[in-house]
Amino acid sequence: MSPNTSIYLLVLLSLAATFNVRAQMPDNYCATDQPEEALAWLRAWQADPDAFPTLRRSDDPIMVPIKVHIVGTDDGGGYYRLDVLMGVFCELNEQFAPTGFHFYMAGGINYIDNSLYYAHDWFQGSNMMYNNNFQNVVNVYFVSDPSGACGYYTWGPDAVAIAKSCGGLGNSTVAHELGHYFSLPHTFRGWEGSPPPIAQRELVDRSNCNTAGDGFCGTGPDYANYRWNCPITGPFTDPNGDEFVPDGTFYMSYSNDACTSRFSDDQQAAMQANLAGPRADLLSKPAPPLLNHSMVEAVEPEDGAVNTTFNYTVLKWTKDPTATSYQLSIGLNPTMSAISQEVILTDTFFIAPELPKLRKHYWRVKPISPGNTCTPYSVTRSFTTGEVASGLFSFDQGSEGLLTFPNPLPQGMPLTVQFSAEQDGDMQLSLMGLDGRVHQSTIVRAFPGENNMHWAINGVPEGLYLLELSPAGSALFSASAVRRVNKIAIGR
């Protein structure tokens, strides 16, 4: 295993947990509640945009960090799929490109196993966000049921929740809720409950467009506070007797995904000013560079290989020198609609553990970086597992500069760890299961040269683990961070 190898995220999905992210959509599309006090900044900006700072536009995108939280059940089931997440980020950046925003994944994905959060009400949703939000990022949670809706933004905890059934490819739910995050109301503002007073209904002639509805003249009147297909059944009639049909192309309307395609010019200007003003903390982080990647090629096993060992199938692919990571998916059918294993890793190979025996598997991989998840996957290849387990999962081959012993490690005995370092600094030792979950971790001080330490690992079930040594506090997506990983066995 090479020195910079880091298998830092692995999701094992059972057949029963596979899902179609474009399955049933809740009747309540958006549960965002924006009381007028939450719109105070926007109302002031709409009254006098020139009084507010805005972002100086150039050809360079404005890099905005998103912290992705994927919520599962108590037993770690039902996760939002990584391959869908990659595609949704790509689509999201296309949707916001005219605004100048480019979203990137800040650090690694935060996995949360909590059934109360997985399908939550308002109270549990707020608890989820208050307990797990990161600072200076847009916190987005992918769950099963966000309070009975497709999604919502809540201005108290200041975060977004998305139903995985509404967060699939070709869906505008994430763009809609991020519009709320950056100050935008619905285009039918005022019609969320009962009809507003006649004096507050936006007119076709635009004479009150700055004070009625969403306050944006560029979106036009919209009284349709329900999910609708284009073209909408109409027309509607304003208080002057003028007929109109709402414009369904706006992400902040309730028209279906196939209809939506844009933010208006004044909506874009408001979001730019919002990011320059109350959201300026999002620009405090050093932004990663935007990298271009090339499609990689699958190398091993050969396409159509049979009788691979079910507990140790080595998958290899070509390297993209610009990629900071790779996203690998192993599926159970050629369309990859059913996924059995998913992983994000930094090296160009992966050892697939515990695959179903005597079954045909399909796999594909793509290069990624924090701001670019759009490169196509490799050509999907297949292999078939046999019923013989491998004996090659040895424990005496440490990665360069990292040694562990005894290995296997008897229960109750401290683990001796030896590693080399080039300079002073804090390092983190993490004991991870083959599912990528950290069971224990500790911070150690490294000194130039050889380092030797003893680590008491207690209360860990016997089994196979990965021991990772990495710079403490470094970003998971950092291409320069040196990480070393060893395989160890406990209690065997």
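The values are calculated or read from the model by the stated rules, or taken from the named source; none is laboratory data. It should be emphasised that the depicted structure is a prediction, and the values quoted were computed from it without experimental measurement. All Cβ positions, even for glycine, are placed from backbone atoms using ideal geometry, and neighbour counts span all protein chains on display. What goes into the accessible areas is simple: the full protein's heavy atoms, side chains included, and nothing from ligands, DNA or RNA. Shrake-Rupley method; radii C 1.70, N 1.55, O 1.52, S 1.80 Å.
Out of 342, 297, 302, I need the residue that is among the acidic types (Asp, Glu) and touching a helix residue (DSSP H, G or I) at 6+ places or on another chain (Cβ under 9 Å). Which one? Give the derivation first.
Working: 297 fails: touching a helix residue (DSSP H, G or I) at 6+ places or on another chain (Cβ under 9 Å); 302 fails: touching a helix residue (DSSP H, G or I) at 6+ places or on another chain (Cβ under 9 Å).
Being among the acidic types (Asp, Glu) and touching a helix residue (DSSP H, G or I) at 6+ places or on another chain (Cβ under 9 Å) holds for just one of 342, 297, 302, which is 342.
Would it be correct to say that residue 87 is among the small types (Gly, Ala, Ser) and over 25 Å from residue 288 (Cα atoms)? No, not satisfied. Can you name the residue in the range 26-49 that is modelled with pLDDT under 95 and open to solvent by 50 Å² or more (accessible area, probe 1.4 Å) and is also farthest from residue 182 (Cα to Cα) among such residues? Per the criteria, the residue is 27.
Taking the numbered list (1) in a loop (DSSP other than H, G, I, E, B); (2) closer than 30 Å to residue 78 by Cα; (3) open to solvent by 10 Å² or more (accessible area, probe 1.4 Å); (4) at pLDDT 95 or above in turn, residue 156 passes all entries but (4).
Each row is one residue, and each column tells you yes or no for (1) in contact with an Asp or Glu (Cβ under 9 Å, 6 or more places away or on another chain); (2) under 30 Å from residue 288 (Cβ atoms); (3) open to solvent by less than 20 Å² (accessible area, probe 1.4 Å); (4) of a type outside the set (D, E, K, R).
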position	(1), (2), (3), (4)
316	yes, yes, no, no
322	no, yes, no, yes
325	no, yes, yes, yes
337	no, no, no, yes
344	no, yes, yes, yes
350	no, yes, yes, yes
358	yes, no, no, yes
364	yes, yes, no, no
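Of all the listed residues (113, 145), the sole one being surrounded by fewer than 20 Cβ atoms within 10 Å (Cβ to Cβ) and at pLDDT below 95 is 113.
Here the range 208-245 is the region considered, the condition is being among the β-branched types (Val, Ile, Thr) and surrounded by 15 or more Cβ atoms within 10 Å (Cβ to Cβ), and the residue that is modelled with the lowest pLDDT is 232.
Whether a residue is of a type outside the set (Phe, Trp, Tyr) and touching a strand residue (DSSP E or B) at 6+ places or on another chain (Cβ under 9 Å) was assessed, and residue 175 does not pass this test. The set of residues in the range 53-93 that are polar (S, T, N, Q) and either touching a strand residue (DSSP E or B) at 6+ places or on another chain (Cβ under 6 Å) or over 21 Å from residue 338 (Cβ atoms) (or both) comprises 54, 58, 93. For the range 79-95, the criterion of a residue being under 23 Å from residue 252 (Cα atoms) and open to solvent by 60 Å² or more (accessible area, probe 1.4 Å) is satisfied by at least one position. Screening 178, 203 for residues that are aliphatic (A, V, I, L, M) and touching a residue at least 40 places away in the same chain (Cβ under 8 Å) leaves exactly one candidate, 178.
Residues in the range 425-465 that are modelled with pLDDT under 85, among the β-branched types (Val, Ile, Thr) and part of a strand (DSSP E or B): 438 only. Restricting the range 228-248 to residues that are under 42 Å from the mean Cα position of the chain (by Cα) and in contact (Cβ under 8 Å) with a residue 40 or more places away in the chain, the residue that is farthest from residue 267 (Cα to Cα) is 244. Applying the set (1) at pLDDT 85 or above; (2) surrounded by 18 or more Cβ atoms within 10 Å (Cβ to Cβ) to residue 407 leaves exactly one unmet item: (1).
Residue selection: residue 387 satisfies the criterion of being open to solvent by 80 Å² or more (accessible area, probe 1.4 Å) and either at pLDDT 85 or above or charged (D, E, K, R) (or both).
Does at least one position in the range 466-489 carry a residue that is open to solvent by 40 Å² or more (accessible area, probe 1.4 Å), part of a strand (DSSP E or B) and either modelled with pLDDT under 85 or over 22 Å from residue 112 (Cβ atoms) (or both)? Checked against the condition, which is being open to solvent by 40 Å² or more (accessible area, probe 1.4 Å), part of a strand (DSSP E or B) and either modelled with pLDDT under 85 or over 22 Å from residue 112 (Cβ atoms) (or both), the range 466-489 yields no hits at all.
Please pick out the residue among 415, 402 that is of a type in the set (A, V, I, L, M, F, W, C), open to solvent by less than 50 Å² (accessible area, probe 1.4 Å), at pLDDT 85 or above and over 23 Å from residue 355 (Cα atoms).
415
Of the residues 298, 276, which single one is within 30 Å of residue 100 (Cα to Cα) and among the aliphatic types (A, V, I, L, M)? Every option except 276 fails the conditions. Within the range 249-279, the set of residues being without any contact (Cβ under 8 Å) to a residue 60 or more places away in the chain, farther than 30 Å from residue 53 by Cα and surrounded by 19 or more Cβ atoms within 10 Å (Cβ to Cβ) comprises 255, 259.
Remark: pairs (first residue in the range 123-135, within 16 Å of residue 151 (Cα to Cα); second residue open to solvent by 50 Å² or more (accessible area, probe 1.4 Å); Cβ separation under 6 Å; 6+ apart in sequence or on different chains) = 124/116.
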